[in-house]
1. Just to confirm the number: angle between the C-alpha axis of helix 299-310 and the first principal axis of the chain, 0 to 90 degrees, nearest 10?
2. What are the aspartates and glutamates whose alpha-carbon lies under 12 Å from the alpha-carbon of Lys202, with same-chain residues fewer than 8 places away excluded?
3. Quick check: from the Cα gyration tensor, does segment 68-108 come out rounded (a/c under 1.5), prolate or oblate?
4. Quick check: at a probe of 1.4 Å, how many percent of the accessible area of segment 22-179 sits on carbon and sulfur atoms?
5. Can you work out the PRE-style zone for Ala313? Point 7 Å along Cα to Cβ, and I want the residues of segment 333-353 with backbone N under 15 Å.
6. If you average 1/r over all unlike Cα pairs in the chain and invert the result, what Kirkwood radius do you get in angstrom?
7. List the chymotrypsin sites (Phe, Trp or Tyr not before Pro) within segment 226-276 that fall in a DSSP loop (any state other than H, G, I, E or B) and whose Cβ has at most 15 other Cβ atoms within 10 Å.
8. Suppose R0 equals 30 Å; then what is the FRET efficiency for Asp366 and Arg43 from their Cβ-Cβ distance, rounded to the nearest 0.05?
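The values are calculated or read from the model by the stated rules, or taken from the named source; none is laboratory data. No experiment lies behind these values; they were computed from the predicted model shown. Heads up, the Cβs are rebuilt from the backbone with ideal geometry, glycines too, and the neighbour counts pull from every protein chain shown. When the accessible area is computed, the model is the full protein with side chains, heavy atoms only, and any ligands, DNA or RNA have been set aside. Shrake-Rupley method; radii C 1.70, N 1.55, O 1.52, S 1.80 Å.
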Amino acid sequence: LEDLLGAGVKGRHVLVRSDLNVPLDGQTITDDGRVRAALPTIRRLAEAGAKVLVTAHLGRPKGEPEPKYSLAPVAARLGELLGSPVELAGDVVGEHAKALAGSLAAGQVALLENVRFDPRETSKDAAERAELAGELAALAGEGAAFVSDGFGVVHRKQASVYEVARELPAYAGGLVLAELEVLGRLTGEPARPYAVVLGGSKVSDKLAVIEALLPKVDKLLVGGGMCFTFLAAKGYGVGGSLLEAEMVDTCERLIADAGDKLVLPVDVIAADAFAADANTRTVPVDAIEEGWMGLDIGPDSVRAFAGALSEAATVFWNGPMGVFEMALFAEGTRGVAEAIADSPAFSVVGGGDSAAAVRVLGLPEDGFSHISTGGGASLEYLEGKELPGVSVLQQGSE
Ligand code: 3PG
(Lines give C-alpha, C1' and ligand atoms only; values in the text may rest on other atoms or scores of the structure.)
Protein backbone atom coordinates (compact mmCIF):
# COMPACT_ATOMS: atom_id res chain seq x y z
CA LEU A 1 0.00 0.00 0.00
CA GLU A 2 2.78 2.42 0.88
CA ASP A 3 4.39 1.77 -2.53
CA LEU A 4 1.14 2.54 -4.27
CA LEU A 5 0.52 5.69 -2.26
CA GLY A 6 4.11 6.70 -2.91
CA ALA A 7 3.60 6.26 -6.65
CA GLY A 8 0.56 8.53 -6.42
CA VAL A 9 -3.09 7.58 -6.81
CA LYS A 10 -4.67 10.98 -7.38
CA GLY A 11 -7.42 10.62 -9.96
CA ARG A 12 -6.59 6.92 -10.52
CA HIS A 13 -9.08 4.13 -10.01
CA VAL A 14 -8.08 1.72 -7.25
CA LEU A 15 -10.03 -1.51 -6.97
CA VAL A 16 -9.99 -2.69 -3.35
CA ARG A 17 -11.01 -6.21 -2.29
CA SER A 18 -12.26 -5.98 1.29
CA ASP A 19 -13.85 -8.61 3.52
CA LEU A 20 -17.18 -7.03 4.44
CA ASN A 21 -18.84 -10.35 5.24
CA VAL A 22 -20.66 -9.23 8.38
CA PRO A 23 -23.33 -11.05 10.40
CA LEU A 24 -26.81 -9.71 9.63
CA ASP A 25 -30.13 -9.99 11.37
CA GLY A 26 -32.44 -9.14 8.47
CA GLN A 27 -31.07 -5.81 7.25
CA THR A 28 -29.32 -5.02 10.53
CA ILE A 29 -25.57 -5.57 10.92
CA THR A 30 -25.08 -7.25 14.30
CA ASP A 31 -21.30 -6.78 14.32
CA ASP A 32 -19.64 -4.20 12.06
CA GLY A 33 -16.08 -5.15 13.06
CA ARG A 34 -15.09 -6.11 9.53
CA VAL A 35 -16.42 -2.85 8.09
CA ARG A 36 -14.43 -0.90 10.67
CA ALA A 37 -11.32 -2.94 9.95
CA ALA A 38 -11.65 -2.25 6.22
CA LEU A 39 -11.92 1.47 6.78
CA PRO A 40 -8.31 2.66 7.22
CA THR A 41 -7.11 1.41 3.81
CA ILE A 42 -10.17 2.75 2.02
CA ARG A 43 -9.88 6.08 3.81
CA ARG A 44 -6.19 6.47 3.06
CA LEU A 45 -6.74 5.82 -0.63
CA ALA A 46 -9.67 8.23 -0.77
CA GLU A 47 -7.75 10.90 1.08
CA ALA A 48 -4.90 10.48 -1.39
CA GLY A 49 -7.38 11.28 -4.17
CA ALA A 50 -8.02 7.79 -5.57
CA LYS A 51 -11.33 6.79 -7.14
CA VAL A 52 -11.96 3.89 -4.80
CA LEU A 53 -14.03 1.00 -6.08
CA VAL A 54 -14.58 -1.63 -3.41
CA THR A 55 -15.51 -5.23 -4.17
CA ALA A 56 -16.62 -7.70 -1.51
CA HIS A 57 -18.88 -10.67 -0.83
CA LEU A 58 -21.62 -11.37 1.69
CA GLY A 59 -22.59 -14.88 2.71
CA ARG A 60 -22.66 -17.71 0.24
CA PRO A 61 -25.24 -16.94 -2.45
CA LYS A 62 -25.41 -19.48 -5.25
CA GLY A 63 -23.98 -17.41 -8.10
CA GLU A 64 -27.05 -15.28 -8.72
CA PRO A 65 -28.52 -12.16 -7.13
CA GLU A 66 -30.48 -12.83 -3.92
CA PRO A 67 -31.85 -9.78 -2.11
CA LYS A 68 -30.98 -11.12 1.34
CA TYR A 69 -27.32 -11.18 0.38
CA SER A 70 -27.25 -7.64 -1.01
CA LEU A 71 -24.43 -5.45 0.30
CA ALA A 72 -26.89 -2.56 0.73
CA PRO A 73 -26.68 -2.50 4.57
CA VAL A 74 -22.90 -2.64 4.32
CA ALA A 75 -22.75 0.28 1.86
CA ALA A 76 -24.87 2.31 4.26
CA ARG A 77 -22.65 1.48 7.23
CA LEU A 78 -19.46 2.15 5.29
CA GLY A 79 -20.84 5.55 4.29
CA GLU A 80 -21.71 6.37 7.92
CA LEU A 81 -18.25 5.43 9.12
CA LEU A 82 -16.52 7.32 6.30
CA GLY A 83 -18.70 10.34 6.82
CA SER A 84 -19.84 10.50 3.21
CA PRO A 85 -22.35 8.28 1.42
CA VAL A 86 -21.07 5.20 -0.41
CA GLU A 87 -23.09 4.37 -3.48
CA LEU A 88 -23.77 0.69 -4.16
CA ALA A 89 -23.78 -0.54 -7.75
CA GLY A 90 -26.85 -2.61 -8.57
CA ASP A 91 -24.67 -5.30 -10.12
CA VAL A 92 -21.14 -6.73 -10.04
CA VAL A 93 -19.62 -5.86 -13.43
CA GLY A 94 -22.72 -4.92 -15.42
CA GLU A 95 -24.08 -1.62 -16.71
CA HIS A 96 -24.65 -0.14 -13.25
CA ALA A 97 -21.16 -0.99 -12.10
CA LYS A 98 -19.66 0.48 -15.30
CA ALA A 99 -21.64 3.69 -14.98
CA LEU A 100 -20.79 4.04 -11.29
CA ALA A 101 -17.10 3.38 -11.86
CA GLY A 102 -17.07 5.91 -14.70
CA SER A 103 -18.78 8.58 -12.60
CA LEU A 104 -16.46 8.35 -9.58
CA ALA A 105 -14.71 11.55 -8.65
CA ALA A 106 -11.24 11.68 -7.10
CA GLY A 107 -11.54 10.85 -3.39
CA GLN A 108 -14.91 9.14 -3.78
CA VAL A 109 -15.71 5.59 -2.64
CA ALA A 110 -18.24 3.24 -4.24
CA LEU A 111 -19.10 -0.39 -3.60
CA LEU A 112 -19.88 -3.07 -6.17
CA GLU A 113 -22.74 -5.46 -5.38
CA ASN A 114 -21.93 -8.85 -3.80
CA VAL A 115 -19.29 -10.34 -6.10
CA ARG A 116 -20.65 -13.85 -5.40
CA PHE A 117 -23.81 -12.91 -7.32
CA ASP A 118 -21.62 -13.70 -10.34
CA PRO A 119 -21.09 -17.47 -10.62
CA ARG A 120 -17.61 -16.96 -12.06
CA GLU A 121 -16.31 -15.59 -8.72
CA THR A 122 -16.25 -19.01 -7.07
CA SER A 123 -16.11 -21.12 -10.23
CA LYS A 124 -13.82 -24.16 -10.18
CA ASP A 125 -12.84 -23.25 -13.73
CA ALA A 126 -9.83 -20.92 -13.63
CA ALA A 127 -10.67 -19.53 -17.08
CA GLU A 128 -14.09 -18.42 -15.88
CA ARG A 129 -12.60 -16.78 -12.82
CA ALA A 130 -10.01 -15.04 -14.99
CA GLU A 131 -12.78 -13.72 -17.22
CA LEU A 132 -14.57 -12.11 -14.27
CA ALA A 133 -11.26 -10.77 -12.97
CA GLY A 134 -10.66 -9.20 -16.39
CA GLU A 135 -14.07 -7.52 -16.24
CA LEU A 136 -13.42 -6.21 -12.72
CA ALA A 137 -10.09 -4.81 -13.88
CA ALA A 138 -11.73 -3.27 -16.96
CA LEU A 139 -14.22 -1.46 -14.71
CA ALA A 140 -11.29 0.21 -13.01
CA GLY A 141 -9.82 0.99 -16.43
CA GLU A 142 -6.47 2.34 -17.66
CA GLY A 143 -3.88 3.21 -15.03
CA ALA A 144 -5.77 1.41 -12.27
CA ALA A 145 -4.32 -0.61 -9.40
CA PHE A 146 -5.62 -3.40 -7.19
CA VAL A 147 -5.33 -3.46 -3.41
CA SER A 148 -5.94 -6.77 -1.65
CA ASP A 149 -7.19 -5.90 1.82
CA GLY A 150 -9.71 -8.63 2.59
CA PHE A 151 -7.63 -10.73 4.95
CA GLY A 152 -10.65 -12.93 5.74
CA VAL A 153 -10.76 -14.14 2.13
CA VAL A 154 -7.08 -14.53 1.22
CA HIS A 155 -7.42 -18.31 1.67
CA ARG A 156 -9.95 -18.37 -1.18
CA LYS A 157 -8.75 -18.83 -4.76
CA GLN A 158 -11.52 -16.68 -6.17
CA ALA A 159 -11.68 -14.18 -9.00
CA SER A 160 -11.81 -11.01 -6.89
CA VAL A 161 -9.07 -12.28 -4.57
CA TYR A 162 -6.65 -14.21 -6.77
CA GLU A 163 -7.10 -13.81 -10.53
CA VAL A 164 -7.71 -10.06 -10.34
CA ALA A 165 -4.26 -9.60 -8.82
CA ARG A 166 -2.87 -10.81 -12.13
CA GLU A 167 -4.90 -8.35 -14.15
CA LEU A 168 -3.78 -5.14 -12.43
CA PRO A 169 -0.68 -3.95 -10.59
CA ALA A 170 -1.46 -5.49 -7.19
CA TYR A 171 -0.60 -4.37 -3.65
CA ALA A 172 -1.24 -5.71 -0.17
CA GLY A 173 -3.49 -3.45 1.89
CA GLY A 174 -2.75 -2.28 5.41
CA LEU A 175 -5.11 -4.79 7.02
CA VAL A 176 -3.61 -7.77 5.21
CA LEU A 177 -0.10 -6.67 6.18
CA ALA A 178 -1.05 -6.09 9.82
CA GLU A 179 -2.77 -9.49 10.10
CA LEU A 180 0.18 -11.29 8.55
CA GLU A 181 2.59 -9.56 10.89
CA VAL A 182 0.65 -10.58 14.02
CA LEU A 183 -0.06 -14.14 12.94
CA GLY A 184 3.58 -14.46 11.93
CA ARG A 185 4.49 -13.91 15.58
CA LEU A 186 2.45 -17.00 16.47
CA THR A 187 4.08 -19.21 13.90
CA GLY A 188 7.59 -17.96 14.56
CA GLU A 189 8.93 -18.30 18.10
CA PRO A 190 5.96 -17.47 20.33
CA ALA A 191 6.75 -16.50 23.94
CA ARG A 192 6.04 -19.52 26.16
CA PRO A 193 3.91 -20.94 27.60
CA TYR A 194 1.79 -20.80 24.43
CA ALA A 195 -1.87 -21.66 25.00
CA VAL A 196 -4.48 -22.16 22.30
CA VAL A 197 -8.21 -22.14 23.02
CA LEU A 198 -10.42 -23.74 20.41
CA GLY A 199 -14.20 -23.84 20.29
CA GLY A 200 -16.91 -23.84 17.68
CA SER A 201 -19.17 -26.61 16.63
CA LYS A 202 -17.17 -29.12 14.65
CA VAL A 203 -13.97 -31.06 15.28
CA SER A 204 -13.81 -31.87 11.58
CA ASP A 205 -13.48 -28.14 10.75
CA LYS A 206 -10.61 -27.76 13.21
CA LEU A 207 -8.84 -31.09 12.76
CA ALA A 208 -6.11 -29.76 10.48
CA VAL A 209 -5.31 -26.86 12.79
CA ILE A 210 -5.31 -29.11 15.87
CA GLU A 211 -2.84 -31.46 14.19
CA ALA A 212 -0.66 -28.55 13.12
CA LEU A 213 -0.73 -26.79 16.49
CA LEU A 214 -0.37 -29.72 18.89
CA PRO A 215 3.39 -30.08 18.51
CA LYS A 216 3.85 -26.31 18.91
CA VAL A 217 1.66 -25.42 21.88
CA ASP A 218 2.05 -25.96 25.60
CA LYS A 219 -1.69 -26.09 26.30
CA LEU A 220 -4.67 -26.78 24.06
CA LEU A 221 -7.99 -25.92 25.70
CA VAL A 222 -11.04 -27.28 23.88
CA GLY A 223 -14.60 -26.06 24.49
CA GLY A 224 -17.64 -25.35 22.32
CA GLY A 225 -19.73 -27.93 20.52
CA MET A 226 -16.59 -29.75 19.40
CA CYS A 227 -15.64 -30.73 22.96
CA PHE A 228 -18.40 -33.34 23.10
CA THR A 229 -16.76 -35.52 20.48
CA PHE A 230 -13.61 -35.45 22.66
CA LEU A 231 -15.69 -36.24 25.75
CA ALA A 232 -17.32 -39.15 23.90
CA ALA A 233 -13.84 -40.36 22.96
CA LYS A 234 -13.03 -40.41 26.66
CA GLY A 235 -16.00 -42.69 27.18
CA TYR A 236 -18.54 -40.23 28.59
CA GLY A 237 -22.17 -40.24 27.51
CA VAL A 238 -22.94 -36.88 25.93
CA GLY A 239 -26.75 -37.17 25.75
CA GLY A 240 -28.14 -35.05 22.95
CA SER A 241 -25.04 -32.84 22.67
CA LEU A 242 -23.45 -32.21 19.32
CA LEU A 243 -21.48 -35.31 18.37
CA GLU A 244 -19.48 -36.16 15.27
CA ALA A 245 -19.58 -39.93 15.63
CA GLU A 246 -17.17 -40.49 12.74
CA MET A 247 -14.56 -38.33 14.49
CA VAL A 248 -14.53 -40.20 17.82
CA ASP A 249 -11.60 -42.45 16.84
CA THR A 250 -9.62 -39.45 15.64
CA CYS A 251 -10.29 -37.66 18.94
CA GLU A 252 -9.10 -40.74 20.83
CA ARG A 253 -5.82 -40.57 18.96
CA LEU A 254 -5.52 -36.80 19.52
CA ILE A 255 -6.13 -37.26 23.26
CA ALA A 256 -3.36 -39.87 23.39
CA ASP A 257 -0.97 -37.71 21.33
CA ALA A 258 -1.66 -34.55 23.32
CA GLY A 259 -1.17 -36.01 26.79
CA ASP A 260 -1.48 -33.32 29.44
CA LYS A 261 -1.33 -30.51 26.91
CA LEU A 262 -5.02 -31.08 26.24
CA VAL A 263 -7.49 -29.52 28.68
CA LEU A 264 -11.16 -30.47 28.31
CA PRO A 265 -14.17 -29.10 30.20
CA VAL A 266 -15.02 -30.72 33.54
CA ASP A 267 -18.60 -29.46 33.64
CA VAL A 268 -21.16 -28.15 31.17
CA ILE A 269 -24.41 -26.22 31.06
CA ALA A 270 -26.91 -28.83 29.90
CA ALA A 271 -30.26 -27.82 28.43
CA ASP A 272 -33.42 -29.75 27.65
CA ALA A 273 -33.81 -27.93 24.31
CA PHE A 274 -31.77 -25.82 21.90
CA ALA A 275 -33.66 -22.69 22.88
CA ALA A 276 -33.08 -19.36 24.59
CA ASP A 277 -35.68 -20.29 27.26
CA ALA A 278 -34.66 -23.92 27.77
CA ASN A 279 -34.42 -25.48 31.24
CA THR A 280 -30.79 -25.77 32.21
CA ARG A 281 -28.58 -27.62 34.70
CA THR A 282 -24.90 -27.34 35.44
CA VAL A 283 -23.55 -30.90 35.45
CA PRO A 284 -20.16 -32.63 35.55
CA VAL A 285 -19.15 -34.02 32.16
CA ASP A 286 -19.82 -37.58 33.31
CA ALA A 287 -23.43 -36.78 34.19
CA ILE A 288 -25.03 -35.49 30.98
CA GLU A 289 -28.35 -37.33 30.81
CA GLU A 290 -30.18 -38.59 27.75
CA GLY A 291 -32.51 -35.89 26.49
CA TRP A 292 -30.16 -33.12 27.68
CA MET A 293 -27.53 -31.39 25.58
CA GLY A 294 -24.45 -29.44 26.59
CA LEU A 295 -24.66 -25.92 25.17
CA ASP A 296 -21.86 -24.22 27.09
CA ILE A 297 -18.90 -25.07 29.29
CA GLY A 298 -19.63 -24.80 33.03
CA PRO A 299 -18.15 -22.53 35.72
CA ASP A 300 -15.58 -25.09 36.95
CA SER A 301 -14.33 -25.44 33.39
CA VAL A 302 -14.08 -21.67 33.04
CA ARG A 303 -11.98 -21.60 36.23
CA ALA A 304 -9.75 -24.38 34.96
CA PHE A 305 -9.31 -22.71 31.57
CA ALA A 306 -8.68 -19.32 33.21
CA GLY A 307 -6.03 -20.92 35.42
CA ALA A 308 -4.16 -22.31 32.42
CA LEU A 309 -4.52 -19.00 30.58
CA SER A 310 -3.23 -16.94 33.49
CA GLU A 311 0.14 -18.69 33.12
CA ALA A 312 0.39 -18.26 29.35
CA ALA A 313 2.64 -15.73 27.65
CA THR A 314 1.01 -16.21 24.24
CA VAL A 315 -2.65 -17.02 23.61
CA PHE A 316 -4.55 -17.74 20.42
CA TRP A 317 -8.32 -18.16 20.69
CA ASN A 318 -10.66 -19.33 17.95
CA GLY A 319 -14.27 -20.36 18.39
CA PRO A 320 -16.90 -19.70 21.06
CA MET A 321 -17.19 -21.97 24.13
CA GLY A 322 -20.97 -22.26 23.83
CA VAL A 323 -24.02 -20.89 22.08
CA PHE A 324 -23.13 -17.35 23.17
CA GLU A 325 -25.90 -15.82 21.06
CA MET A 326 -28.30 -17.04 23.78
CA ALA A 327 -27.68 -15.40 27.17
CA LEU A 328 -28.06 -18.70 29.07
CA PHE A 329 -25.11 -20.17 27.18
CA ALA A 330 -22.84 -17.12 26.92
CA GLU A 331 -21.02 -17.31 30.24
CA GLY A 332 -18.39 -19.82 29.15
CA THR A 333 -17.34 -17.66 26.20
CA ARG A 334 -17.50 -14.54 28.36
CA GLY A 335 -15.42 -16.12 31.14
CA VAL A 336 -12.72 -17.39 28.79
CA ALA A 337 -12.62 -14.10 26.89
CA GLU A 338 -12.30 -12.17 30.16
CA ALA A 339 -9.50 -14.45 31.32
CA ILE A 340 -7.63 -13.77 28.08
CA ALA A 341 -8.31 -10.04 28.25
CA ASP A 342 -7.11 -9.91 31.87
CA SER A 343 -3.86 -11.70 31.17
CA PRO A 344 -0.77 -9.77 30.14
CA ALA A 345 -0.08 -12.41 27.45
CA PHE A 346 0.27 -11.54 23.78
CA SER A 347 -3.26 -12.54 22.76
CA VAL A 348 -4.82 -13.02 19.36
CA VAL A 349 -8.50 -13.62 18.74
CA GLY A 350 -8.87 -15.41 15.43
CA GLY A 351 -12.06 -15.64 13.60
CA GLY A 352 -15.45 -14.40 12.72
CA ASP A 353 -17.45 -15.89 15.60
CA SER A 354 -14.99 -15.35 18.42
CA ALA A 355 -14.23 -11.81 17.26
CA ALA A 356 -17.97 -11.14 17.03
CA ALA A 357 -18.45 -12.65 20.50
CA VAL A 358 -15.96 -10.18 21.98
CA ARG A 359 -17.93 -7.27 20.59
CA VAL A 360 -21.46 -8.65 20.99
CA LEU A 361 -20.78 -9.52 24.66
CA GLY A 362 -19.45 -6.00 25.15
CA LEU A 363 -15.97 -7.12 26.23
CA PRO A 364 -13.17 -4.57 26.09
CA GLU A 365 -11.49 -4.93 22.71
CA ASP A 366 -8.30 -3.37 24.03
CA GLY A 367 -7.80 -6.36 26.34
CA PHE A 368 -6.58 -8.31 23.32
CA SER A 369 -3.35 -7.67 21.46
CA HIS A 370 -5.08 -8.35 18.15
CA ILE A 371 -8.56 -9.31 17.00
CA SER A 372 -8.21 -10.91 13.59
CA THR A 373 -10.81 -10.37 10.90
CA GLY A 374 -10.06 -13.77 9.40
CA GLY A 375 -11.77 -16.94 10.54
CA GLY A 376 -10.81 -19.63 8.06
CA ALA A 377 -7.93 -17.50 6.80
CA SER A 378 -6.18 -17.23 10.18
CA LEU A 379 -6.64 -20.95 10.83
CA GLU A 380 -5.20 -21.86 7.43
CA TYR A 381 -2.29 -19.53 8.07
CA LEU A 382 -1.58 -21.23 11.40
CA GLU A 383 -1.86 -24.63 9.70
CA GLY A 384 1.00 -23.48 7.49
CA LYS A 385 -1.07 -23.60 4.31
CA GLU A 386 -0.34 -21.31 1.41
CA LEU A 387 -2.82 -18.43 1.17
CA PRO A 388 -3.48 -17.91 -2.56
CA GLY A 389 -4.52 -14.28 -2.11
CA VAL A 390 -1.17 -13.54 -0.45
CA SER A 391 1.11 -15.66 -2.61
CA VAL A 392 -0.29 -14.08 -5.77
CA LEU A 393 0.84 -10.68 -4.46
CA GLN A 394 4.31 -11.98 -3.66
CA GLN A 395 4.64 -13.51 -7.14
CA GLY A 396 3.68 -10.17 -8.66
CA SER A 397 6.33 -8.26 -6.76
CA GLU A 398 9.19 -10.63 -7.61
C1 3PG B 1 -15.27 -15.51 6.40
O2 3PG B 1 -16.39 -15.22 6.85
O3 3PG B 1 -14.49 -16.28 7.00
C4 3PG B 1 -14.81 -14.87 5.13
O5 3PG B 1 -15.58 -13.77 4.81
C6 3PG B 1 -14.81 -15.90 4.03
O7 3PG B 1 -16.11 -16.34 3.76
P8 3PG B 1 -16.33 -17.78 3.11
O9 3PG B 1 -15.96 -18.80 4.17
O10 3PG B 1 -17.80 -17.85 2.72
O11 3PG B 1 -15.43 -17.90 1.92
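1. 60
2. List returned: Glu244, Glu246.
3. On the way: a/c = 3.83, a/b = 1.12, b/c = 3.44.
Because a/c hits 1.5 or more and a/b fails to exceed b/c, segment 68-108 counts as oblate.
4. Details: 3240 of 6440 Å².
Carbon and sulfur atoms account for 50 percent of the accessible area of segment 22-179.
5. Flagged as within label range: 344-347.
6. On the way: mean 1/r = 0.0454 Å⁻¹.
Here the Kirkwood hydrodynamic radius works out to 22.0 Å.
7. On the way: sites: Phe228, Phe230, Tyr236, Phe274; in loops: Tyr236, Phe274.
In loop regions of segment 226-276 (DSSP not H, G, I, E or B), the sparsely surrounded chymotrypsin sites (Phe, Trp or Tyr not before Pro) are Phe274.
8. On the way: r = 21 Å, r/R0 = 0.70.
Calculated transfer efficiency: 0.90.
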